[in-house]
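Chemist: I'd like to ask some things about the structure below.
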Amino acid sequence: MASITVRNLRKEYDQGTVVAVEGLDLNIQDGEFITVVGPSGCGKTTTLRMLAGLEPATEGTIHIGDEDVTDLHAKNRDVAMVFQNYALYPHKTVFENMEFGLRMSTDLSPEERRDRVREAAEMMGIENLLGDKPDQLSGGQKQRVALGRCIVREPGVFLFDEPLSNLDAKLRTTMRTEIQRLQEELGVTSIYVTHDQEEAMTMGDRIVILNDGELQQVGQPKEVYENP
Ligand code: ADP
Ligand code: ADP
């Protein structure tokens, strides 16, 4: 079960000369799909990285379920993140890329890890790519591997940082459907950053609008659309 509670979250860079996120409060329910929109530089990526544990918060707290994860390392959090540039290890095969996170964050046996990777690969339709290296893959295939790498960890929370922005329009539509299918099949809680308003409106159960590091609005697409 993975609700997310964010209280008074703040992030400063460069000794406080840059305030990337300020006074952020969020209550996200278990299984919700939240989209986050706002202009470039408004703090979307910084917020995700703090949720992932890839960036420490300057102030505030983050709970996932009942657990205070504010000071927990990324690998000990019940989250997995999909990056815009896929962030695959170029010298590892698809199998190794997917297995790596499991090695780092679980004590599963090699057989158990292999089974999990196979299962996730099947779910993403990439069984036939497991021996390939990332530079042999198309953009869409890389994004499938990046999703598969998240699935193997069986996290309660998926974090997406503009995952489709490097894909062409047709592939974006396909992958959007795939992400929605995963959301339904896995019942995870998802936070999805995008600069695409239409994507935010159609994919999100609720939309969070950030502006200049602060929460400007949060609500269902209809509410946000009717009261801009
Ligand atoms: P978004 O994802 O909405 O484009 P970011 O979270 O990347 O916004 O950035 C928010 C603000 O923090 C911006 O002003 C950006 O320049 C600044 N920022 C982000 N990362 C760093 C960093 N590592 N060092 C200094 N400033 C940063
Ligand atoms: P380091 O901790 O050596 O600085 P990184 O900054 O690359 O390494 O990553 C920090 C942590 O984030 C690592 O322990 C890694 O397990 C974890 N991590 C890497 N990719 C993801 C991901 N997609 N989702 C969640 N955690 C990740």
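Chemist: Check region 43-51 and report whether any residue there is within 23 Å of Glu154 (Cα to Cα) and either surrounded by fewer than 18 Cβ atoms within 10 Å (Cβ to Cβ) or touching a helix residue (DSSP H, G or I) at 6+ places or on another chain (Cβ under 8 Å) (or both).
Modeler: No.
Chemist: Within region 1-21, how many residues turn out to be of a type outside the set (Gly, Ala, Ser) and crowded, with 19+ Cβ neighbours inside 10 Å?
Modeler: Of the residues in region 1-21, 5 are of a type outside the set (Gly, Ala, Ser) and crowded, with 19+ Cβ neighbours inside 10 Å.
Chemist: Please verify whether region 52-61 includes one or more residues that are farther than 19 Å from Val218 by Cα, within 12 Å of ligand 2 (Cβ to nearest atom), out of contact with any Phe, Trp or Tyr (no Cβ under 8 Å at 6 or more places or on another chain) and touching a residue at least 60 places away in the same chain (Cβ under 8 Å).
Modeler: yes
Chemist: Considering only residues that are of a type in the set (A, V, I, L, M) and farther than 21 Å from Ile179 by Cβ, look in region 75-113 and name the one that is surrounded by the fewest Cβ atoms within 10 Å (Cβ to Cβ).
Modeler: Result: Met104.
Chemist: Return the residues of region 69-88 that are over 18 Å from Ser190 (Cα atoms) and touching a Ser or Thr at 6+ places or on another chain (Cβ under 6 Å); say none if nothing qualifies.
Modeler: Scanning region 69-88 gives a single hit, Thr70.
Chemist: Let me ask you something else. Going residue by residue through region 46-60, is there one that turns out to be modelled with pLDDT under 95 and either on the phi > 0 side of the Ramachandran plot or within 16 Å of ligand 1 (Cβ to nearest atom) (or both)?
Modeler: First, the residues of region 46-60 that are modelled with pLDDT under 95: none.
Within region 46-60, not a single residue is modelled with pLDDT under 95 and either on the phi > 0 side of the Ramachandran plot or within 16 Å of ligand 1 (Cβ to nearest atom) (or both).
Chemist: Out of all the residues in region 179-228, which are within 16 Å of ligand 2 (Cβ to nearest atom), farther than 18 Å from Cys42 by Cα and in a strand (DSSP E or B)? Before you say what the answer is, go through the steps one by one.
Modeler: If we filter region 179-228 for residues that are within 16 Å of ligand 2 (Cβ to nearest atom), which is where we start, we get 179, 182, 186, 188-193.
When the remaining residues are screened for being farther than 18 Å from Cys42 by Cα, the result is 179, 182, 186, 188-190.
Once the filter is applied, which keeps residues that are within 16 Å of ligand 2 (Cβ to nearest atom), farther than 18 Å from Cys42 by Cα and in a strand (DSSP E or B), region 179-228 yields Thr189, Ser190.
Chemist: Go through (1) of a type in the set (D, E, K, R); (2) buried (at least 22 other Cβ atoms within 10 Å of the Cβ); (3) over 22 Å from Lys75 (Cβ atoms); (4) touching a residue at least 60 places away in the same chain (Cβ under 8 Å) for Arg149 and report which single condition fails.
Modeler: Only one criterion is unmet by Arg149, namely (3).
Chemist: List the pairs whose first member sits in region 154-174 and is away from ligand 2 (no atom under 12 Å from the Cβ), whose second member is aromatic (Phe, Trp, Tyr) and modelled with pLDDT of 95 or more, and whose Cβ atoms are under 9 Å apart, counting only residues at least 6 apart or on separate chains?
Modeler: Glu162/Tyr192
Chemist: Give me the pairs: first residue in region 18-45 and closer than 19 Å to Ile64 by Cβ, second residue within 16 Å of ligand 2 (Cβ to nearest atom) and assigned to a loop (DSSP other than H, G, I, E, B), beta-carbon distance under 6 Å, and six or more apart or on different chains, which are they?
Modeler: Listed pairs, sorted by first residue: Asp30/Ala2.
Chemist: Determine whether Ile4 is at pLDDT 95 or above, within 13 Å of ligand 2 (Cβ to nearest atom) and under 21 Å from Val188 (Cα atoms).
Modeler: Criteria not met by Ile4.
Chemist: Moving on to the next point. Only one residue in Gly41, Gly23 is in a strand (DSSP E or B), away from ligand 2 (no atom under 12 Å from the Cβ) and on the phi > 0 side of the Ramachandran plot. Which one?
Modeler: Within the list Gly41, Gly23, the selection yields Gly23.
Chemist: Name the pairs: first residue in region 177-189 and of a type outside the set (Ser, Thr, Tyr), second residue surrounded by 19 or more Cβ atoms within 10 Å (Cβ to Cβ), Cβ to Cβ under 6 Å, at least 6 apart or on different chains?
Modeler: From residues that are of a type outside the set (Ser, Thr, Tyr), the pairs are Gln183/Phe33; Gln183/Ser190; Val188/Phe158.
The values are calculated or read from the model by the stated rules, or taken from the named source; none is laboratory data. Only a predicted model underlies this, so the values are computations on that prediction, with no experimental measurement involved. Glycine also receives a Cβ, built like all others from the backbone with ideal geometry; neighbour counts cover every protein chain displayed.
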